[in-house]
Every structure is written in structure tokens, then in C-alpha cells.
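The values are calculated or read from the model by the stated rules, or taken from the named source; none is laboratory data. What you see is a predicted model, and the numbers here were worked out from it, not measured in a lab. Ideal geometry is used to build each Cβ from the backbone, glycine not excepted, and the neighbour counts take in all protein chains shown.
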Amino acid sequence: MQQAGKLREFLESNDPVASLRLTRVRGSSPRTTGTEMYVRADALWGTIGGGQLEHRAIDAARELLRAGNLSAHLDLPLGPAIGQCCGGRVEIAVTRMSTSDKEHAHAEALRYDAALPEVYILGAGHVGRALAELFQHLPVRAVLVDQREDELEQCGAEVEKRLSAIPEIDIMNAPSQSAFIVLTHDHGLDFLLASAALQRNDAAYVGLIGSATKRAKFASWARTHCGGLSVDSLICPIGAGGSRDKRPAVIAAQVVAEVITALTSETAADHPARGTVSHIAAQ
């Protein structure tokens, strides 16, 4: 989900733009300090948490733009007084954006895009394409990899489609803390790619489509062909959320939840490759 280009289009409108930034959060709140959204008279970008908090802040931003003012400050309790029950309190800086403010916001969006975790979908079959459809809306850089051009062409999602004769090289060249989902058209290739991902020892997630039987066969193969490679960190079956529904879209939904959980765990969040630009992440 690349945001910088779309944000630039939003900010370069002829209409004035206001920034809403959470400058202080006390107690429970739907978003954290630093979260930011942008407001025009006719459009919005991002969110600071929704509900009455956001509605009141948007109204204040649009009033500031109408009046031609430069800044304002809001201090809102997140309780019954505004129809919310979080129980905390937030302070919001409302600012009419200058040209330099917009340039800075765009630069932050570029930094955010560059720091997005990468998710490699290794196989462009039915489930692979269903995964791409979902990941295109999430704060990751999804790469759909296949040796078959005709399968890649069937994917309409806004993700990178990579025709690769040797997908193992794509795995080798991926950044640290990437996620790898292996679901090719060939079990032998599945084994090669899953072992390549596990041998990196720095993946945030390695998943292999299949059953418990396939996992056992892969474990035996890995011991024989990969110097006793451990498969303890391998997720197989993938998306094992308890559902017996085998439709690609349902499997994909379960796997996406699994991968995002792995990418946003406390361990993953401490990694420098994780983006921290929360106002972009909300879009």
C-alpha cells in the first residue's frame, strides 16, 4: 500500500488543507500521540480515531479554514460529554498547512513507504491472488511471485507482480523481517522455497500451504536435504483459524490475519524496518 503518491495528490489540491495531530494522550484513546490526519473542505485523509472525537476535530479544522486562521488547540475528554466511552483525554493541534508543511508530510509518507514490511506471496494461483487482493489494502509492500506469466496476469490487485524463473533468489534478496507465504503449483518447489525462507533465520513469518501430513513430509525432507534444518518456526497449515472452509478468499483472510499479527508483534515492532508514521498507516 504505497501512500506517498496519493497523499501528494491530496495535498496539491488548490483548496487549503488543515492538519489534525494528536499532541497529548492521557488514558485510553483510539489512537496514539503523533497520529495525524488531513482535512480539506471537501475531503479527508487518514483518521485520528473516528467517532465524535474525529467529527468535532474535523468541524474545528474546517471552521479554521473558513475563517482563514492559522492554528487552534482542542482538548477533548473521551467520555459521555461527547458520546464516547474510551475514558481518556486527548489534545489536538489544528494547523493550516503551509507549503513547507505539505512537503514535510510528503517526505514522511515517502519514509513510511520505504519502511513498509515486505510480504512475498510465492505462487499466483487462486489463493495467491486472493491474498494479493487483501494485502493491497494493508500497510505492507506485497510482492506476488510466480514462474508463470499467465497466472500473474490474472491478478488485478495493486501489488508488485514479479515474473521470476528462480524464486529462491527473490527470497535470498528480500529484506530482513519479511514475510514469506509459499503456495506454488508444485510441492517440490514449495519445499525448496520454504527451506530457503527458513534458512534465512530472520523472517517475520514463513508459511507453507498444506496439511499436517505435508508439514511432516517437509520436515523429513528438510532433515535429509537441508542439513537437519529446523521447521519449528514454520507455519503449516497456514491460516489454521478453525474454519473448514476451503474457498480461496476465506483461506486468504485467515492467512492475512496470521501474517499481520506476526508483523505487528512486539518483537517485529522493535525492528528498524517497521514504519512508525501512524498518520499514514491509518489511510
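Listing for the model above:
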{"item": "Among the residues listed as 216, 252, 196, 212, the single one being touching a residue at least 60 places away in the same chain (Cβ under 8 Å) and aliphatic (A, V, I, L, M)", "result": "252"}
{"item": "Residue satisfying condition, being in contact (Cβ under 8 Å) with a residue 24 or more places away in the chain and either over 30 Å from residue 46 (Cα atoms) or not assigned by TED's automatic domain parsing to the domain that holds residue 261 (or both), within set 154, 136, 177", "result": "154"}
{"item": "Looking only at the range 96-105, and only at residues there that are out of contact with any Asp or Glu (no Cβ under 9 Å at 6 or more places or on another chain) and in contact (Cβ under 8 Å) with a residue 60 or more places away in the chain, the one that is surrounded by the fewest Cβ atoms within 10 Å (Cβ to Cβ)", "result": "101"}
{"item": "Residue in the range 232-245 that is closer than 15 Å to residue 118 by Cβ and either crowded, with 21+ Cβ neighbours inside 10 Å or in contact with a Pro (Cβ under 8 Å, 6 or more places away or on another chain) (or both) present", "result": "no"}
{"item": "Number of the condition not met by residue 138 [criteria: (1) buried (at least 23 other Cβ atoms within 10 Å of the Cβ); (2) not in a helix (DSSP H, G or I)]", "result": "(1)"}
{"item": "The range 220-231, subset among the small types (Gly, Ala, Ser) and free of Cβ contacts under 8 Å to residues at least 12 places away in the same chain, residue surrounded by the most Cβ atoms within 10 Å (Cβ to Cβ)", "result": "220"}
{"item": "Residue 121 being farther than 30 Å from residue 17 by Cβ and surrounded by fewer than 19 Cβ atoms within 10 Å (Cβ to Cβ)", "result": "no"}
